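The values are calculated or read from the model by the stated rules, or taken from the named source; none is laboratory data. Just so it is clear, the model here is predicted, and its values are computed rather than measured. As a convention, Cβ positions derive from the backbone with ideal geometry for all residues, glycine included, and neighbour counts pool all protein chains shown.
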Amino acid sequence: MIKVGLLASLALLSLTARARAADFFVFTDTFKSQQDAQDRAALVGGWVLDTDTYSGLAPNLFAVVRGPYSTRQVADRRLKELKAIKTYKSAYVKEGGAVRIAPALANSVSPRVLAALLGELSVAVTDRPGATNPCEPQEPYQEVTLSVVTLDRTIDAKTDADGFKPRRVTLDIGSFRVIKRTGEVERMRICAE
């Protein structure tokens, strides 16, 4: 089964040319289990990074992160903001190093399957102004959605013949946004406002 993290990684890579060597991340939690990391990110914000995708990170882990940021100074500013919140007292900044997507995917997805997936997966990026409600970023951002085309079986009422009709299905990955000013990826956060 293809990891949900793969889809998030593919979306991230397809919409931002910023993902390159010298990306900095604010790490808030690290787990051995992808599911544990995804559960934590859903509760406290951030997104899940498979550490195998960057050369400068410890392998075989899943980190809940904020970013990527193009400079350490921007990451340090975000860290300072987060540390003011009790939930993030142990957060820290780390440089990712060079992106190495192919080796990270080789263990779970063959190149043929990955090529087929990339051909089927559609990524839509919509510019949003922000600040229209308190549960979204308060500055301009890009909203990312993933979709695929599936087939629905149809039956012709007159001839009783089977057929198929294509239908686009949006993959529910939760809220996935990119802040325009910084390039930071922001995942869904709990909002009770």
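Rundown of residues vs (1) surrounded by 11 or more Cβ atoms within 10 Å (Cβ to Cβ); (2) of a type in the set (Asp, Glu); (3) under 16 Å from Arg66 (Cα atoms); (4) at pLDDT 90 or above, yes/no style:
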{"residue": "Tyr88", "(1), (2), (3), (4)": "yes, no, yes, yes"}
{"residue": "Ala91", "(1), (2), (3), (4)": "yes, no, yes, yes"}
{"residue": "Lys94", "(1), (2), (3), (4)": "yes, no, yes, yes"}
{"residue": "Ala98", "(1), (2), (3), (4)": "yes, no, no, no"}
{"residue": "Ser108", "(1), (2), (3), (4)": "yes, no, no, no"}
{"residue": "Leu114", "(1), (2), (3), (4)": "yes, no, no, no"}
{"residue": "Arg128", "(1), (2), (3), (4)": "yes, no, no, yes"}
{"residue": "Thr132", "(1), (2), (3), (4)": "no, no, no, no"}
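Any residue at all in the range 10-25 that is in contact with a helix residue (DSSP H, G or I) (Cβ under 6 Å, 6 or more places away or on another chain), at pLDDT 85 or above and farther than 22 Å from Thr182 by Cα? Within the range 10-25, none of the residues are in contact with a helix residue (DSSP H, G or I) (Cβ under 6 Å, 6 or more places away or on another chain), at pLDDT 85 or above and farther than 22 Å from Thr182 by Cα. The condition of being at pLDDT below 90, out of contact with any Lys or Arg (no Cβ under 8 Å at 6 or more places or on another chain) and of a type in the set (Asp, Glu) holds for only one of Asp36, Asp52, that being Asp36. Number of residues in the range 158-183 that are closer than 30 Å to Val26 by Cα and part of a loop (DSSP other than H, G, I, E, B): the value is 8.
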